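Report on the structure given below.
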């Protein structure tokens, strides 16, 4: 029996990286999993990886910045599995590198809409179902940049700070309803999302790794284990926490 046997978990941004690793980990522990992503091919690949391991999962094409699509995502979750116990709101984008005065309004809107509005929309619909089901656990993906600066990424930093604030505020509102809301704040994790940083400057990967206290970047699997713990009964009295998963970088 896995930690999440009989439970249903939703993972947004489940097509690659941290989202894919977390979806596979939930399935490994017995959960039936809903993977949501804008990218159909990658999302279906995650489904195949889960099914190849004997797990049960469905894919729902979703843009989390669109309210109607988020609502449809939750409707398909309930129609397929009848309930929602855990949600990992992971979908997000980095956006382009640019100094504050050169950052375009369109780029700002894209990042804020996906990273912050998207999590707000997901939590609205997830919480509605969890209230009807007697509770649940939500984990939002913020970032180490949600607690510190990252020059040349103003929208990303603002959005991830916003996720921390939204997580804490929501956790307080729904604690009495049996709904726990926490966040993870990953540091440098070796995922496809960061590939753009290394395309033109390959040596940057080695420099970043060497600068970390553990002299390496983290893996998606290491973040996924933190997410599962925050959704499990092992963290039943943890609420409103924004857990650093950064190998000690911010200490």
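The values are calculated or read from the model by the stated rules, or taken from the named source; none is laboratory data. Predicted model only: the values in this text are computed from it and were never measured. All Cβ positions, glycine included, derive from the backbone under ideal geometry; neighbour counts span all protein chains shown.
When you scan the range 27-49, how many residues do you find that are assigned to a helix (DSSP H, G or I), surrounded by fewer than 24 Cβ atoms within 10 Å (Cβ to Cβ) and touching a strand residue (DSSP E or B) at 6+ places or on another chain (Cβ under 8 Å)? Outline the logic, then answer.
Residues of the range 27-49 that are assigned to a helix (DSSP H, G or I), as a first pass: 27-28, 40-49.
Checking the rest, the ones that are also surrounded by fewer than 24 Cβ atoms within 10 Å (Cβ to Cβ) come to 28, 40-42, 44-45, 47-49.
From the residues that got through so far, the ones that are touching a strand residue (DSSP E or B) at 6+ places or on another chain (Cβ under 8 Å) too are 40, 44, 47.
Looking only at that region, the number is 3.
Is the range 191-200 home to any residue that is closer than 20 Å to residue 3 by Cβ and surrounded by fewer than 19 Cβ atoms within 10 Å (Cβ to Cβ)?
no
Across the range 99-126, what is the number of residues that are surrounded by fewer than 21 Cβ atoms within 10 Å (Cβ to Cβ) and either touching a helix residue (DSSP H, G or I) at 6+ places or on another chain (Cβ under 7 Å) or not in a helix (DSSP H, G or I) (or both)? Step through it out loud before you land on a result.
Going residue by residue through the range 99-126, those that are surrounded by fewer than 21 Cβ atoms within 10 Å (Cβ to Cβ) are 99-110, 112-113, 117, 120, 124-125.
Remaining after also requiring either touching a helix residue (DSSP H, G or I) at 6+ places or on another chain (Cβ under 7 Å) or not in a helix (DSSP H, G or I) (or both): 99-100, 103-104, 107-108, 112, 120, 125.
The total comes to 9.
Filter the range 9-21 for residues that are crowded, with 24+ Cβ neighbours inside 10 Å and either at pLDDT below 95 or outside any helix (DSSP H, G or I) (or both) and give the result.
Passing the criteria: 9, 10, 11, 12, 13, 14, 15.
Please find, within the range 167-187, the residue that is farthest from the chain's Cα centre (by Cα) out of those that are farther than 19 Å from residue 132 by Cβ and surrounded by fewer than 19 Cβ atoms within 10 Å (Cβ to Cβ).
That would be 172.
Kindly indicate the residue of the range 129-143 that is surrounded by fewer than 21 Cβ atoms within 10 Å (Cβ to Cβ) and assigned to a helix (DSSP H, G or I) and also nearest to the chain's Cα centre (by Cα) among those meeting that condition. Talk me through it step by step, then tell me what you get.
Taking the range 129-143 and keeping what is surrounded by fewer than 21 Cβ atoms within 10 Å (Cβ to Cβ), we get 129, 131-135.
Of the ones still in play, those that are also assigned to a helix (DSSP H, G or I) are 129, 131-133.
Values: 129: 19, 131: 21, 132: 23, 133: 22 Å.
Top of the filtered list is 129.
Would you confirm, using the coordinates I've provided, whether residue 228 is in contact with a helix residue (DSSP H, G or I) (Cβ under 9 Å, 6 or more places away or on another chain), at pLDDT 95 or above and under 17 Å from residue 13 (Cβ atoms)?
The answer is yes for residue 228.
Please state which one of 216, 168 is out of contact with any helix residue (DSSP H, G or I) (no Cβ under 7 Å at 6 or more places or on another chain), at pLDDT 95 or above and more than 30 Å from residue 102 (Cβ to Cβ).
Residue meeting the stated conditions: 168.
So which of 216, 152 ends up being under 20 Å from residue 116 (Cβ atoms), touching a residue at least 24 places away in the same chain (Cβ under 8 Å), part of a loop (DSSP other than H, G, I, E, B) and out of contact with any strand residue (DSSP E or B) (no Cβ under 7 Å at 6 or more places or on another chain)?
Exactly one of 216, 152 is under 20 Å from residue 116 (Cβ atoms), touching a residue at least 24 places away in the same chain (Cβ under 8 Å), part of a loop (DSSP other than H, G, I, E, B) and out of contact with any strand residue (DSSP E or B) (no Cβ under 7 Å at 6 or more places or on another chain), namely 152.
Against the condition out of contact with any strand residue (DSSP E or B) (no Cβ under 8 Å at 6 or more places or on another chain), under 22 Å from residue 129 (Cβ atoms), part of a helix (DSSP H, G or I) and in contact (Cβ under 8 Å) with a residue 12 or more places away in the chain, how does residue 24 come out, does it pass?
No; evaluated as a whole, the condition is false for this residue.
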